[in-house]
Structures are given as C-alpha cells and as structure tokens.
C-alpha cells in the first residue's frame, strides 16, 4: 500500500518532464518597416525594407505588401536578404509624389507562429517638394488665330526639366517643332516649321509626365484647343492687264487685256490680299506659251513670256482654284480670261522694180512680175515694202542674206548675185546682178526666163524684231524680159 503511494508522484513527475521536451514559442513576431511614416527615401531606387525577427513564409508575406500612389500601383522587385524583405521599384520612384505602403493581413513564421498586422505608411522619394503647375498658355483654349508664324507659349510655376516637358507636349497637326526656353526654364516657346491649315481645329495636350527641374511631375495633365479662322476673307483675282518692262520695273500698259497684249509685254494678275508663293505655280496659259511667273508685289504677280504669243490665236489665262493667300485660304474655283495678242503677221505689201518701172500690190503671194534687166550690166533693183517696220538692226543686216533668188525655168539660166542692200523703215532696197532676159513670145526659138524669189516665213523665218513674222514663205516669180 505504501509502495503505491510513493510511486504515484514519481510517475506524475516523469510525465511532466516528458511533455516539457516540446517547448511552444508564444512570443509575438517583431516587424519593423523602413522608411518610417512621412519619411523621404534618399534616391529614386532606394528600397523599402520590412524587417522580421524570425524566418517568414516568403510567398505569403510578399503577397500582402502593396505600394501605390495617385498614379496607380507600383510595380517592383521583391527579394529577401536574411529575414528582411526588400521592395525596389522597377522604374524607380518619382520625386515629390506621395506613396502609400499597405502591409495588412496575416503573416506566418516558419516556426508556425502567425500574426495579424495592420501597417499604413506614407512616404516620399528624393524630396517632398510641391508639384509644378501650368500657370498660363498661349493661344488660350478656343482662341481664333492666324496660320503663319504661330508661336505657342507655356508658362509654369517652377523651373522645368526640358526633355520631360518636350516629350510630354503634343500639338496636333503641326510639322517639326523648335523649342526655346526662357525665364529660368519656366517658359517654353514652341514654333512650327510649316504654316498651319486655315479654318481648322487644333488640339494640344501636356501629359503629367512633364517634371520640374527637381523631378516632381505636374499635378495633372493639361489640354486645350484653338482654331485657325481669324481670317474670314477668301482670296480672289481683282484685275488682269498687260505690263511693260522699263528701267528694271513693270508698268501697266495703256491697252486692254482682251486684244491689246503686244510683243515683249507681260501679264500682271492682281489679288485682293497678299498671296503665298504657290500662286506662281497656279497660273498657266492655254494653249501653252513658255514663260515663268514672278511675284510683283505681295498682292500681284507677273507672267513673263520667254517667247511672244502667236498671232491670231485665242489664249486663255487660268489661275487655279488651288492658289492660296498667305494664310492658306484658296481661291476655290479657277479664274479664266480670254485674250488675243496684238501681234500681227508680217506681210509683203508691194514690189517695186527698177525704181518704179514695175510695181505690184500683193493680194496673192503667188505672182509673176516682169523685170527688165539693164542690157549692159544685167542688173535689177528690187524694192520690197513690208507691213511693219524692222526695229532690230542685227535682223536687218541678216535678212538680205536670207532672201534668195534662184533660176526656175529653164534651169540652165545663170544664177544671180546680190550686190548690196539698204533699209529705210519698212522698205528693203536690194540690187541684184546676173539676170538673163528671155523672150516670152518664143521668137527665134527663145523662151521666157523665170526666177523664183523666196522670203522665208514661219517661226524660223524673218522677224521684224517685235514678235511679228510671216505666216509662211513668201514666193514670187520674176520673168526677166528684154
């Protein structure tokens, strides 16, 4: 009986020591976070560190860590170093903006302990400076502006990072942009290399990725629009008239456009407002006449002929509806006017042989004119009267060499030679030698002797120097009579 009483306590003591071999850790999990609330991380890639006093279940712990800002969630790399969880943003922190760290939920240690935690921390990176703002801009939203030499101006409350602003700024529909920074980089001036299109709505946008010089982004994005409709007057042709070049300038000719355009004159086209240079390519003449257009004034152009228009041809001057003024507004419809050049054909009016012995007035260029060679010298004087005076002395010298007289019938009669020639206004006096006279009656077996006189016509024929030429070759047959 006593032995049993003695052994019972011993058994109980042994059981107590047996259970105490597996010690349960009831201590809480210690957690600390860097940065502290409202602190500023040193640089753009400084990590957020969550420190534990024991080894944690990593996947579970990582899953409850969330970092965000007004721009959305932050994508970062999570890694462990010993018992510490490091979070580093993939693209770096953004200076000046507020970040929210949320570490809330149930965490579990490898040793089996768990804990419910609630951690909300606000922190910044690099600095806590205020966000820059767009203070003013020009043109203002909805403003009507011109199309040429447009200057866009944006004014900020703080000095800005140039590259970030230029990358964030978009202006629809303009060409290559040129940037100029003023006022300690608080103002950016933007210009385009090309004029804008008239009567068009343009939009611009400044994204919040634009940053101040200390790296803080804009507080918000900005946008606006403007309209290129300040000019409401369409261009139009107001006058077309012939002009004369004198002393280095073009002057209006005192003639009408329909029938008065003379040789060596140009055509001036006037408009109701200043025109762009595209108007030079918008003028043409049909049928085509070679020449080129030049600006005469800001409101007028002149078409300069490289060769004179043809006589007796109806021309049409056309200004295309695509012609633009300096603001880019188009005429809209082709302008047309019809004209005939006041450049008559050159004609032979009369022939006078041997100072009046024989005179012929020509209504038909195919004529037979009797001539009477001097019996001693076989010479004949021929005076040719033209319809227009010859004003070019070089042409006057060459024309006698272009007029030819050749044996026509019979072919065996001798050739003739030009001894000399002289001019008087529109009269050409020519002295020839070598004519052989025949007998049109056929007595004693003789036959008539004919010579063919040709004055070359057409565009490559003789020219009186004012643009007039003979429509075709002038041909007359001379019968040398005894």
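The values are calculated or read from the model by the stated rules, or taken from the named source; none is laboratory data. Small disclaimer: the values here were computed from a predicted structure and weren't measured. Neighbour counts are summed over all protein chains in view; Cβ atoms, including those assigned to glycine, are modelled from backbone coordinates with ideal geometry.
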Residue in the stretch 355-368 that is buried (at least 16 other Cβ atoms within 10 Å of the Cβ), more than 29 Å from residue 466 (Cα to Cα) and in contact (Cβ under 8 Å) with a residue 24 or more places away in the chain present: no
Every residue from the stretch 178-196 that is loosely packed, with under 14 Cβ neighbours inside 10 Å and either under 24 Å from residue 229 (Cβ atoms) or assigned by TED's automatic domain parsing to the domain that holds residue 42 (or both): 193, 194
Top-ranked residue of the stretch 416-425 - restricted to ones that are within 60 Å of the chain's Cα centre (by Cα) and loosely packed, with under 15 Cβ neighbours inside 10 Å, ranked as nearest to residue 354 (Cα to Cα): 422
Residues (in contact with a strand residue (DSSP E or B) (Cβ under 9 Å, 6 or more places away or on another chain), touching a residue at least 24 places away in the same chain (Cβ under 8 Å) and over 27 Å from residue 460 (Cβ atoms)) located in the stretch 369-413: 370, 371, 372, 373, 377, 378, 379, 380, 381, 409, 410, 413
Residue 467 at pLDDT below 95 and at positive phi: yes
Subset tally (residues that are surrounded by fewer than 14 Cβ atoms within 10 Å (Cβ to Cβ), closer than 24 Å to residue 229 by Cβ and at pLDDT 95 or above) for the stretch 155-177: 1
Residue identified as part of a loop (DSSP other than H, G, I, E, B) and surrounded by 14 or more Cβ atoms within 10 Å (Cβ to Cβ) among 413, 405: 413
Qualifying position, being within 25 Å of residue 157 (Cβ to Cβ) and surrounded by 13 or more Cβ atoms within 10 Å (Cβ to Cβ), among 100, 129: 129
Hits in the stretch 37-77 - residues which are assigned to a strand (DSSP E or B) and in contact (Cβ under 8 Å) with a residue 40 or more places away in the chain: 39, 40, 41, 48, 50, 52, 56
Residue selected from the stretch 239-255 under the condition part of a loop (DSSP other than H, G, I, E, B) and free of Cβ contacts under 8 Å to residues at least 12 places away in the same chain, by the criterion surrounded by the most Cβ atoms within 10 Å (Cβ to Cβ): 254
Top-ranked residue in the stretch 200-224 [being under 26 Å from the mean Cα position of the chain (by Cα) and surrounded by 15 or more Cβ atoms within 10 Å (Cβ to Cβ); ranked as farthest from residue 335 (Cα to Cα)]: 204
Some residue of the stretch 114-123 being at pLDDT below 95 and either assigned to a loop (DSSP other than H, G, I, E, B) or not assigned by TED's automatic domain parsing to the domain that holds residue 56 (or both): no
